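Okay, so here's the structure we're looking at.
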Amino acid sequence: MAVVGIIPAAGSGERLGASGPKAFVMCGGRPLLDWSLDVLGSVCDRVVVAVPPGYEEEPDRVAGGKSRSASVRLALAAAPEADVAVVHDAARPLLTTELVERCIEALEGWDGAVAAAPVADTIKEADPSGRVLHTLERSSLWAIQTPQVFRADILRRALDTDDQTLAAATDDASLVELAGGSVRVVKAPSDNLKITRAVDLHVAEALLRARC
């Protein structure tokens, strides 16, 4: 069984205030991308990275697409041998080998297994004016993260759709669900954070230092 890591890393660093692609922003003395590459490289048979055009000079790097899921589709197409695809955001540098392995193990009998955190905050649905419509029962709510692990043939079929649908998808699991696939959640550690703003970068660096 060939397990292939897929890292969509073609996004810009605009929200982070970076001058270049987010995946290459320095975090703890290394590019963000390198933290995820180390972990996936220790678990997967191969890791393919979708990067911005012009950054494909290293092996197993392909030019990304116009959306995150389009980049995943291009990276997965470059790994036709994959039986299992492990998709992980380059912007989550605190990935652990243990979490990847648990997600792969959880795939047994399912089409997908995704890292997630139970929602701790009270969640309310509001209309455009801000009027609260509902307070949701949070005991069944999960904040979805990565890694997201899929049977590769199922993920390929889910990604075989139009660019508009890919652009609207907030994660790959939603596309698998839309295609009728079964997806389960795997509880992730609380520090599996995503780098979106400058403050997230500082927090991640502190957590990475604490691991050393």
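The values are calculated or read from the model by the stated rules, or taken from the named source; none is laboratory data. This structure is a prediction, so every number in the text was calculated from the model and none was measured. Quick reminder, even Gly has a Cβ in these numbers, built from the backbone with ideal geometry, and neighbours come from all protein chains shown. To get the accessible areas, we keep the full protein, side chains included, count just its heavy atoms, and leave off ligands, DNA and RNA. Shrake-Rupley method; radii C 1.70, N 1.55, O 1.52, S 1.80 Å.
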Positive-end residue, the chain charge dipole about Cα centroid, Cβ charges, pick of Thr161, Val199, Leu141: Val199
Choice from Ala143, Ala173, Ala158 showing the highest fluctuation, given a GNM over the chain with Cα pairs closer than 10 Å: Ala143
Non-local amide H neighbours of Trp142 (under 5 Å, H modeled in plane, Pro and chain starts lacking H): which ones? Val119
For the chain, the percent of accessible surface on carbon and sulfur atoms (probe 1.4 angstrom, ligands and nucleic acids excluded) is 52 percent
In segment 81-186, which GluC sites (Glu not before Pro) fall in coil by DSSP and have 12 or fewer other Cβ atoms within 10 Å? Glu81, Glu108, Glu137
Using a Cα-Cα cut-off of under 20 Å, which aspartates and glutamates could be cross-linked to Lys66, ignoring same-chain neighbours fewer than 8 residues away? Glu14, Glu56, Glu57, Asp89, Asp160, Asp162, Asp163, Asp171, Asp172
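Please list, by residue number, every one of the trypsin sites (Lys or Arg not before Pro) in segment 73-137 that is coil in DSSP and has at most 12 other beta-carbon atoms within 10 Å.
Numbers: sites: Arg73, Arg102, Lys124, Arg131; in loops: Arg131.
Of the trypsin sites (Lys or Arg not before Pro), the ones in loops of segment 73-137 whose Cβ has at most 12 other Cβ atoms within 10 Å are Arg131.
Rounded, prolate or oblate, given the Cα gyration tensor of segment 17-80, with a/c below 1.5 counting as rounded? Don't skip to the end; give the middle numbers.
Details: a/c = 1.99, a/b = 1.16, b/c = 1.72.
Oblate, since a/c reaches 1.5 and b/c is not below a/b.
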Mean-square fluctuation check for the chain, GNM, Cα pairs under 10 Å: which of Val43, Val119, Val186 is largest? Val119
What does the accessible area per residue of the chain come to in Å², with a 1.4 Å probe and no ligands, DNA or RNA counted? 50 Å²
Give me, ordered by chain and number, the residues 5 or more places off Leu107 or on other chains with an amide H under 5 Å from its own placed amide H. none
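Within the P(r) computed for segment 100-212, what percentage of the Cα pairs occupies the region above 23 Å? Mind dumping the intermediate values first?
Working: 2922 of 6328 pairs.
Beyond 23 Å sits 46 percent of the P(r) for segment 100-212.
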Within segment 143-212, DSSP-loop trypsin sites (Lys or Arg not before Pro) with at most 16 other C-beta atoms within 10 Å are Lys194, Arg197
Other-chain or far-sequence residues with amide H under 5 Å of Ala2's (modelled H): Asp83, Val84
Peptides 160-169, 86-95 ordered by average Cβ neighbours within 10 Å, highest first: 86-95, 160-169
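Can you tell me what the convex hull of the Cα atoms of the chain projects to on average, as an area in nm²? Show your work: numbers first, answer last.
Numbers: hull surface 51.4 nm².
Mean projected area of the Cα convex hull: 12.8 nm².
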Residue by residue through segment 149-165, which ³J(HN,Hα) values in whole Hz follow from phi under the Karplus form 6.51 cos²θ - 1.76 cosθ + 1.60 (θ = phi - 60°), with glycine and proline marked x? 10, 9, 5, 4, 5, 5, 5, 4, 5, 5, 7, 7, 9, 6, 5, 5, 5
